[in-house]
Structure formats: C-alpha cells, structure tokens
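Structure record follows, encoded as structure tokens.
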Amino acid sequence: MILAIESSCDDSSVAVVEISTKKVVFHKKISQEKQHNEFGGVVPELAARLHATALPKIIEEAKTYFKDLKAIAVTNEPGLTVTLVEGVMAAKALSVALKIPLIPIHHLKGHIYSTFIEKDTLFPLSALIASGGHTQIVNANSYEDMIEIGGTTDDSIGESYDKVAKMLDLGYPGGPIVEEMAKKGNEKAYNFPVPMQKTKDIVFSYSGLKNSVRLEIEKAEELTDEIKADICASFQLKAVRHLEKKCEIFFEKYRPKNFAIVGGVSANQYLRSKIGKICENHGANLLLADLKYTSDNAVMIARAAIELYEQNKLKTIEDVDIKSRSPIKGKN
Ligand code: KG4
Ligand code: ZN
C-alpha cells in the first residue's frame with residue numbers, strides 16, 4: 001500500500017491506496033473552509049497552523065496500515081510554500097520512521113489522476129485543469145510526459161468564482177455558492193465580456209471579467225438576492241463560455257480522443273455539461289472524477305504515486321524539496 005499526504009492549500013488529506021488493486025482503503029480529509037471563511041480566502045499562515053494540527057491526527061488514524069506500506073507519497077509542488085512544508089515534513093518523518101521511500105507528486109498531475117481512482121489509466125489524454133490556482137489545458141502521454149498547451153495570464157477560474165462570491169458577500173469558497181445562486185438568476189441580465197475573444201491563442205484570463213462584475217456591483221444601489229443571482233448567472237455564463245471558446249480551438253487543433261476536466265471547478269455541473277457537449281460533438285471520450293475527488297484530496301496523489309512506484313521511481317528524504325510555483329511546462 002501507499003500512504004499519501006496532500007496539504008498544498010486548505011485541505012489536510014491523507015489516503016492509503018492498495019498498489020495492485022488501486023483500491024482506496026483509507027481516506028480522510030479535514031477542510032479548513034470554515035476557518036478561512038471570515039477572511040474571504042485562504043490565509044496561508046493560518047492554513048499551515050491548521051495542517052500542523054490536522055495532519056498528525058489523520059495520520060494516526062491510518063496507523064493500522066503502517067505495516068503494509070511500501071512508500072509515502074506527498075504533494076511537493078505547486079502550492080502554498082508554508083502549507084506544502086507541513087505535508088512534506090510529515091512525509092519525511094514517516095519515511096524515516098518506517099524506513100520506506102518517498103514519492104513526491106505534482107499537485108496538478110495529481111488532479112489528472114483523480115479520473116483514474118480505482119481504475120486503470122487511459123493515455124494519451126488531454127485535460128482542462130480548472131482549479132483555485134490554475135486554468136490550463138494539458139496534453140499528457142504519461143505522468144512524466146505532460147505538456148502545457150495553454151495557461152492563464154492572471155487569475156484562475158476558481159479564483160474568479162471566489163472573488164465574485166466575496167464581492168457579493170456570499171462566503172468562501174465561492175464556486176459552489178455562485179453555481180447555486182446562478183441557478184436562480186437570469187444569465188442575460190448583465191452583458192459581461194467573454195475574455196480573450198480577439199486572439200485564437202489558447203490563453204486564459206479572468207481579471208477583466210472579474211473587473212466588469214466589480215463595476216456592475218458598485219453601480220447597484222441595493223444588492224438584493226435577485227440581483228445577486230442575476231450577477232452570478234451572467235458571470236458564470238461568460239466565465240464558462242471563455243473555456244468553451246478556447247476548448248473549441250483546442251479540439252480543432254489537437255483532436256483529442258480522451259478529454260478530462262479536473263480540479264475543484266470541475267465539480268461545476270454547468271461547466272461539465274458545456275464542455276461535455278464539445279466532447280460529444282468531436283466524438284471524444286469525456287473523463288471526470290467522482291464529485292468527492294474533484295477538490296484537493298490525497299487519494300489522487302496516491303493514485304499518481306502508484307504509477308511512479310511501479311516504475312521504481314522512488315526518492316529519499318534528501319531528494320525531496322518543495323516548489324510553490326511549478327506549472328506543467330514540458331517533458332520532465
Ligand atoms: O482544486 P481545488 O480544490 O484547489 C486548488 O488546487 O486550487 O479547487 C478549489 C477551487 C475554488 O476556487 C472553489 O471555489 C472552486 O474550486 N470550486 C468551484 C465549484 N466547486 C469548487 N467552482 C465553481 N463551481 C463549483 N461547483
Ligand atoms: Zn487542487
């Protein structure tokens with residue numbers, strides 16, 4: 001079995017997965033949403049302190065599996081420096097105590113493996129990574145052979161959902177709340193712009209759309225629930241249309257056979273249906289993670305680690321460092 005630790009942002013998560021069957025035998029996650037809610041976003045120092053309490057507690061709960069472990073996997077890039085450190089320290093301590101190797105995992109690659117939990121892998125694939133930190137399209141042949149085709153120039157899609165929610169005083173994390181509000185609103189009430197319309201490049205940007213929403217909110221005399229719902233619906237229409245437009249360009253150019261949507265925002269049903277339609281039109285197979293695995297979790301980290309374990313790509317405590325910024329760029 002492999003024990004994995006994820007602490008790249010505000011979720012403390014530990015999982016144990018059986019190597020040969022890929023079965024999840026243990027998974028626990030402690031989210032810090034409540035604690036960050038009053039600040040309207042993640043406060044790194046607070047997140048680190050909460051990991052320092054939560055991780056040892058969850059690891060202790062997985063103690064019965066220690067004797068069966070072959071390796072410790074841990075998210076070491078990208079993420080918040082101070083929170084990554086917590087997970088990596090715990091992983092190194094376990095590696096020393098149990099005398100087993102480490103497998104450092106790239107968080108975004110982990111998200112791609114969220115579509116393979118308790119399943120075999122399916123490569124080559126292309127993936128839209130839509131999370132709180134990233135908006136990217138990636139072509140992947142294996143864990144180690146992934147290349148970024150397009151990324152964001154400023155905010156990520158998840159961040160923009162969170163910021164719109166904050167401006168409307170709806171709470172954190174904003175994504176699920178904005179999606180719910182949008183269901184009650186009129187998506188044509190406000191004509192927000194679709195970002196990056198003028199270029200055929202596969203490149204994402206959310207700061208302009210966010211600004212348009214901000215200006216509209218400032219104009220409103222009173223923010224009734226009805227107005228809030230209309231703003232959420234009108235924002236979501238254009239936020240997702242931006243992805244649709246760029247995915248269309250990507251599909252024309254690369255004609256993927258397998259297309260995954262991963263990351264926290266991939267829980268969004270509106271996004272799933274719109275991108276799902278593009279896959280259908282192009283005869284591509286749509287890969288999605290179970291809803292319980294779309295947000296950050298250690299199971300996807302363990303699943304990715306199985307791949308590296310089987311190739312004997314094992315590390316020692318000296319080999320593993322953290323990197324807060326680490327986009328998927330090219331072959332490594
Ligand atoms: O992947 P994730 O859990 O953490 C990062 O690696 O960033 O993604 C978190 C992001 C947050 O911005 C959250 O608001 C967003 O995913 N999110 C959603 C939904 N559920 C979570 N955004 C839109 N619609 C949702 N249903
Ligand atoms: Zn994530």
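The values are calculated or read from the model by the stated rules, or taken from the named source; none is laboratory data. The shown structure was predicted, so the numbers you read here are calculated from the model rather than taken from an experiment. Neighbour counts are summed over all protein chains in view; Cβ atoms, including those assigned to glycine, are modelled from backbone coordinates with ideal geometry. To get the accessible areas, we keep the full protein, side chains included, count just its heavy atoms, and leave off ligands, DNA and RNA. Shrake-Rupley method; radii C 1.70, N 1.55, O 1.52, S 1.80 Å.
Structure values in brief
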{"item": "Residue within the stretch 162-178 that is β-branched (V, I, T), part of a helix (DSSP H, G or I), open to solvent by 10 Å² or more (accessible area, probe 1.4 Å) and at pLDDT 95 or above present", "result": "yes"}
{"item": "Matching strands (runs of 3 or more DSSP E) fully within the stretch 1-77 where at least 3 residues are in contact with a helix residue (DSSP H, G or I) (Cβ under 6 Å, 6 or more places away or on another chain) and open to solvent by less than 40 Å² (accessible area, probe 1.4 Å)", "result": "2-6, 11-17, 71-77"}
{"item": "Contacts under 7 angstrom Cβ, first residue in the stretch 120-132 being under 22 Å from V265 (Cα atoms) and polar (S, T, N, Q), partner open to solvent by less than 10 Å² (accessible area, probe 1.4 Å) and within 13 Å of ligand 2 (Cβ to nearest atom), 6 or more apart", "result": "S131/H111; S131/S156; S131/G158; S131/G263"}
{"item": "Search result, residues across the stretch 206-226 that are in contact (Cβ under 8 Å) with a residue 24 or more places away in the chain and either open to solvent by less than 70 Å² (accessible area, probe 1.4 Å) or under 19 Å from D155 (Cβ atoms) (or both)", "result": "Y206, S207, L209, K210, V213, R214, E216, I217, L223"}
{"item": "Scope the stretch 280-327; condition crowded, with 24+ Cβ neighbours inside 10 Å and not in a helix (DSSP H, G or I); matching residues", "result": "A289, T294, S295, D296, N297"}
{"item": "Single unsatisfied condition, N258 versus (1) free of Cβ contacts under 8 Å to residues at least 60 places away in the same chain; (2) under 24 Å from the mean Cα position of the chain (by Cα); (3) open to solvent by less than 40 Å² (accessible area, probe 1.4 Å)", "result": "(1)"}
